[in-house]
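Student: The structure follows.
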Amino acid sequence: MSIIWMLIIGLIAGAVAKLIMPGKDPGGIIVTMLLGVAGAFVGGFLFRALGIGGEGPAGIIGAIVGALILLGLYRLFTRRRGHTTTT
């Protein structure tokens, strides 16, 4: 049952992250869910390292923060790779 909750929280966190940082990103609901689940791991690690905790509202906020970090990194790397300059 905890895996199902992790996927649900991941979907919510990924959706909130995409609402905060709108833009053209590939993928639909599955990519959003994966972004949120990966963000939950990143945010949970960061929040535990800071001593904030990872349960309840802090866990959801951590998942959103982690998803925002991952989304920002994704956009940073895909933007650089997609543009070429000529001199």
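Student: For the peptides 60-68, 12-20, 28-36, what is the packing order when you average, over each peptide's residues, the other Cβ atoms within 10 Å and list the highest mean first?
Tutor: Descending packing order for the listed peptides: 60-68, 12-20, 28-36.
Student: Order these by the 10 Å Cβ neighbour count, fewest first: 47, 41, 77.
Tutor: Going from least to most buried by this count: 77, 41, 47.
Student: Once the Cβ-Cβ distance between residue 8 and residue 79 is put in as r, and R0 is 35 Å, what FRET efficiency do you end up with, to the nearest 0.05?
Tutor: The calculated FRET efficiency here is 0.70.
Student: Ratio of the stretch 1-77's C-alpha Rg to 2.2 N^0.38 Å, to two decimals?
Tutor: Normalised Rg, Cα atoms only: 1.02.
Every number here is computed from the coordinates shown, using simple stated rules; none is lab data. Computed from a predicted structure; not experimentally measured. All Cβ positions, even for glycine, are placed from backbone atoms using ideal geometry, and neighbour counts span all protein chains on display.
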